1. Are any residues in region 619-661 more than 30 Å from Cys921 (Cβ to Cβ), hydroxyl-bearing (Ser, Thr, Tyr) and touching a helix residue (DSSP H, G or I) at 6+ places or on another chain (Cβ under 7 Å), and if so, which ones?
2. Among the residues of region 835-856, write down those that are in a helix (DSSP H, G or I) and either more than 21 Å from Arg814 (Cβ to Cβ) or of a type outside the set (A, V, I, L, M, F, W, C) (or both).
3. Could you check Val686 against (1) closer than 21 Å to Gly871 by Cα; (2) over 31 Å from the mean Cα position of the chain (by Cα); (3) crowded, with 17+ Cβ neighbours inside 10 Å and say which number it fails?
4. Answer yes or no as to whether Ile666 is crowded, with 17+ Cβ neighbours inside 10 Å and not in a helix (DSSP H, G or I).
5. From Val853, Val915, grab the single residue that is on the phi < 0 side of the Ramachandran plot, aliphatic (A, V, I, L, M) and within 33 Å of the chain's Cα centre (by Cα).
6. Within region 749-767, does at least one residue satisfy the condition of being touching a residue at least 24 places away in the same chain (Cβ under 8 Å), more than 29 Å from Lys887 (Cβ to Cβ), in a helix (DSSP H, G or I) and of a type in the set (Ser, Thr, Tyr)?
7. List every residue pair whose Cβ atoms sit under 6 Å apart, with the two residues 6 or more apart in sequence or on different chains, where the first one lies in region 771-799 and is touching a residue at least 40 places away in the same chain (Cβ under 8 Å) and the second, anywhere, is part of a loop (DSSP other than H, G, I, E, B) and small (Gly, Ala, Ser).
Amino acid sequence: METPTTSFPARDQAIVLNAIKDLKLIDYVVAVGDIVAPKNVIFASHMSNDRPNDSVELPSSLILKYDDTNYRIFLNYDDVCFKCKQVGHFAQECPSTSGTSDTSSPTILQVNDTSLEKSNKRSNGDVDEDRPDDEEEMEGFQPLDLSKELSCEVENVLSSRQTKKIKTSDSTESLTSTSDLIQPAKDLIDNAQYPLNFEELTRFVEKAVGELDILELIRKYTTDVEGVSAMLFDIFPLLTHNSVRNRIKKIRLKIKKALARLADKTPNKATDTVAGPSVYTNIASLMAKYDDFSVLVQSLKPTFIMLSESWLSPAISDTLVAINGYTLFRNDRDGRRGGGCIYRPPDSAIGDDRKLFTFVSKIADSCDRLIIAGDFNLPDITWPLDHNANFDAPSQLLRDVLINSHLEQIITKPTRYRTNQTPSTLDLIITSDDKLLANLDYLDPVGKFDHVVLKVEVQICFERRRKITSTCRVITNYELVNRDLFNTDWSTILVEPSVEDNWTRFKKQLNSAVTKHTVSVVRKQSSNKPWITKQILKLIRNKRALWRCYKRTGSESDYKAHRVFSNKVSATIRDARCNYEKRIAASKDVKCFYKYVRSSLVGPVKTPHLRDVSGCVTEDSQLVANLFADTFAKVFTIDTNSNLPTVQTPPNSTTITSVEFSEVAIAKKISKLRITKSPGPDSITVSLLKKCQCLCQPLKILMEQSFESRTLPLEWRSAVVKPIYKKGDKFVAHNYRPVSLTSHVVKIAESIVYDVLIEFMINCNILPTEQHGFVPGRSVTTNLLCSLEDWTKTLDSGESTDVLYLDFSKAFDRVPLRHLLLKLNHFGVRGTLLRWIEAFLSNRLFSVKVGDVFGMQRRVLSGVPQGSVLGPLLFVIYTSDIKYSLKSPFLMYVDDLKIYNKSCNFTVLQNDLDVVANWSCTWLLPINSAKCVVLYTNSSRNPKHDYHVNGTQLFKVDAYRDLGVMVSSSLLWSEHIAEVVKKANRIIFLISRTFRAITISMFINLYKTLVRPVLEFANTVWAPSLKGDIALLEGVQRRATRLPFGRVRPSYEGRLALMHLPSLADRRVRGDMIITFQALTYNNSVIRSFFKLDMRGRTRGHSFKLLKGNFKTTARQIYIVNRVFGKWNSLQTEVVLSDSVLSFKRSYDQYNKV
């Protein structure tokens, strides 16, 4: 080796090479991540702008012998200052020495145009601040910002187990053999179960520093890579020589980087497989330890997780215990705590033991590859199993099963450690193939429990999951975008005769303006809980180090130290989560807060899996998207009949032919768009439309051209369909409904057309009064009140009612276009407007989106698009002529139809049912007879006649969910109230489990958003009358308001006053008054006729007093017109004479102190 032509300094000095320009000099240097400063080391720092060629391979180390002294030479690519011991600058540029005299600078030696700095020696205690986490661990625990106190305690505990570092090493250190350098750790290696013995470790360390593929080198000795890394970590504190300590650090860093590269490697084929680690433990209440459990999963990232004693119940939803990226399988035990994997109670009866082990034996006989994990509570068995030993009866049963079924049990060490008790082996892992499992490790318990976590590598193959990343464009300055668009002369750009071409030019100009002020952001989808920080993960590593310390010594003091530190770590995790929840609740970003709420209560939206034609469940997103598309396309109506039916109503003499588009109308519609809505196929967001109001001008030009030419751009006729799960088997595509995401621009145009069309239909009395869906002034509540007006009157007269609930199959998707256009023309929609609607519904395309994958595009052959603005109104118009064919009363809410009549008129009702069946056949909207039912009111006196549709008898029910309200045959509401209370209590339970610390303001937001709407949905229909029902409902709010308080809390009335919340009873009375005010003041109210005014001319009070009605039954008594009589008549005149609903609410609250 060539030696530089220079005089080396004395042995107690170090030399720094700071500007190596000759590439030959790098032959004797090595690139390392840190710099160590023993007396016999020369440091070399290469300038960043003169780096050697990347193709040059640097040796891992060099010992240069000069004057009988050995020097080890290193190279660091960063500029190094030996004044402040930091990288990034030289000593001459050091900020800490600015203003000092030149005499304080290091001595400069000139060697072949290379400047040499004579450096001050760096002490062994100096640690590079940029060192990786693993290196920091090996040097000793560093103070953490999150909890300095905890870290100091760890240092104190571990310091007694670590040998003090030698401050200086003698001149013969680098000549000492590796075996001698590792000798201090020999006792630990010989007595512990490590993957390498002492001789193997010695050979490995000698080869590892210069090895390019560290994993390949490890595999020459063992397959347990992580075990080797843990072994190096354990022996590090026992080593005394700096040279071997530095070598061990570099080897562990190499292993860490190699494992990271292996984990990040993207498979080239779908068949790339890897084996993954798995964990099992007795968790003893997953809910109580969920935060600690989440941190465990985040740090270990196991493939499979097996838990026993989960202590879950059906009241605890999957979302509360789910971990993102994992599929959850539960087996809860009813009645007592338990659940999860196998758990055998310590006092299990011998009969139950026989059933358990017989079951294990049967499973073993039917499975080729089997893994059973659980807490068997058999501490008397010694493992490995001694087949000749005498055991008690349960242990004997297990031994016989293992022998007869050829099963292996791999746990050989204690799994439960409890103070003042002998450690015992209770948790077992049994397998039918010992090659399935490898690299068993005993980790510290979760949280404060005493069962260890068993980590084992399951040697099976599975498809590697790719990291989910998405790239999105973020506009940095909307003002500049708006300015560029404002200065655009659209009259010179949108000059093409085709609206398609003009739309293309509009998009090009828009993208040009946006791109100037846009950055691309790559977002990674993380499975981390947002409160799990790097500091917490570092605390967990410290906690594991204490556990390893205890495992090495077995001393009681080390065990107690681990338990104390573990408890404080759990408290730190709990505090971190509480602080996070308080921070997002107090922030102004409301969207962020409710996103967290939805993720906790509803759970993440997962990519659905479906069964293919062979019956196998597929997870391929492309295939799933195409399966959905095929299913949705099958329901389309193919109209092959050339003859159109005749509309059985007189034609409308009034017509409408045109729509006016203005910038003012467009701006008004944009202001009403919800900013959270996803963009359609054109990728134009609501934010862009709202913040760039100057776009109203080109949009007006495009909409007018589209309307006049009776054509729409392709993106206006395209939709991205998202499948929404309804109910039933989640693996069946038929149990999902399609919802279309269309362009926001076309929605604005639709909305303007909708306003004109709905006004025309109402003025011409085309929409039946029985239709309550998507009609102004009507709702679910008005629909149900109209029903109960007739049903309670019939019940009060001693008669009964038969109610037929009918369901149209895939109604929105089956509307045939020619039939719809025929009815629109018949009802007076003519000319350009009719042709534009035809263009809007014709030649439509859709593609299903599953995750980030789009399926193949399909043509829409029929139907009105769900998710559009015009779709529901067009469907209502299409079904509006059904009223002319029926003799019985009926009510509709969009496609939900119910026909009813007195039981004595069952023949008329059956004829009407046949009429509806014929109408559905004529207009190609088939009835789904399997979902049609009949409800009998006053069932004790009802003869319960049979009804048939298309030859199928309707199913008879005693209660039916009518538009979300459970209607019973008695027309009383206890059953519905019980369901409402159950649902509300469940939400409150989820809130209490989801949020660790709930403030008053946080609770009010959650309660008003999630709980109270459940308690008050359509409550003017089902307001309770029984004291028990009233108390049941009020009890929900009573329990809910306790959440922000501890055990010491104000009374219920005090809590309501503190939170400014009225009682639920007062809220129901207020709702009744609002409905009554609307009924009496709105001219077009469909329920106005139910209220009878007292016209006897009394002078006291207001002039809208109600006349008290007569009733014989409870159902009629609690109906709204009789229920509100007293309270309404006693209202102040100023309240009743309010000029609007909003004014009425304010006046009512003011006078009644609600």
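The values are calculated or read from the model by the stated rules, or taken from the named source; none is laboratory data. Note that the coordinates shown come from a computational prediction; the quantities given were computed from them, not determined experimentally. Neighbour counts are summed over all protein chains in view; Cβ atoms, including those assigned to glycine, are modelled from backbone coordinates with ideal geometry.
1. Thr657, Ser658 - these are the residues of region 619-661 that are more than 30 Å from Cys921 (Cβ to Cβ), hydroxyl-bearing (Ser, Thr, Tyr) and touching a helix residue (DSSP H, G or I) at 6+ places or on another chain (Cβ under 7 Å).
2. Arg835, Trp836, Glu838
3. Of everything listed in (1) closer than 21 Å to Gly871 by Cα; (2) over 31 Å from the mean Cα position of the chain (by Cα); (3) crowded, with 17+ Cβ neighbours inside 10 Å, Val686 misses just condition (2).
4. no
5. Among Val853, Val915, only Val853 is on the phi < 0 side of the Ramachandran plot, aliphatic (A, V, I, L, M) and within 33 Å of the chain's Cα centre (by Cα).
6. Checking region 749-767: at least one residue is touching a residue at least 24 places away in the same chain (Cβ under 8 Å), more than 29 Å from Lys887 (Cβ to Cβ), in a helix (DSSP H, G or I) and of a type in the set (Ser, Thr, Tyr).
7. So the pair list comes out as Val780/Ala1018; Thr781/Ala1018.
Listed here are the residues, each with its yes/no results for (1) out of contact with any helix residue (DSSP H, G or I) (no Cβ under 9 Å at 6 or more places or on another chain); (2) among the aliphatic types (A, V, I, L, M); (3) under 28 Å from Arg778 (Cβ atoms); (4) surrounded by fewer than 19 Cβ atoms within 10 Å (Cβ to Cβ).
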{"site": "Leu874", "(1), (2), (3), (4)": "no, yes, yes, no"}
{"site": "Lys883", "(1), (2), (3), (4)": "yes, no, yes, yes"}
{"site": "Lys887", "(1), (2), (3), (4)": "no, no, yes, yes"}
{"site": "Val894", "(1), (2), (3), (4)": "no, yes, yes, yes"}
{"site": "Asn901", "(1), (2), (3), (4)": "no, no, yes, no"}
{"site": "Asp912", "(1), (2), (3), (4)": "no, no, yes, no"}
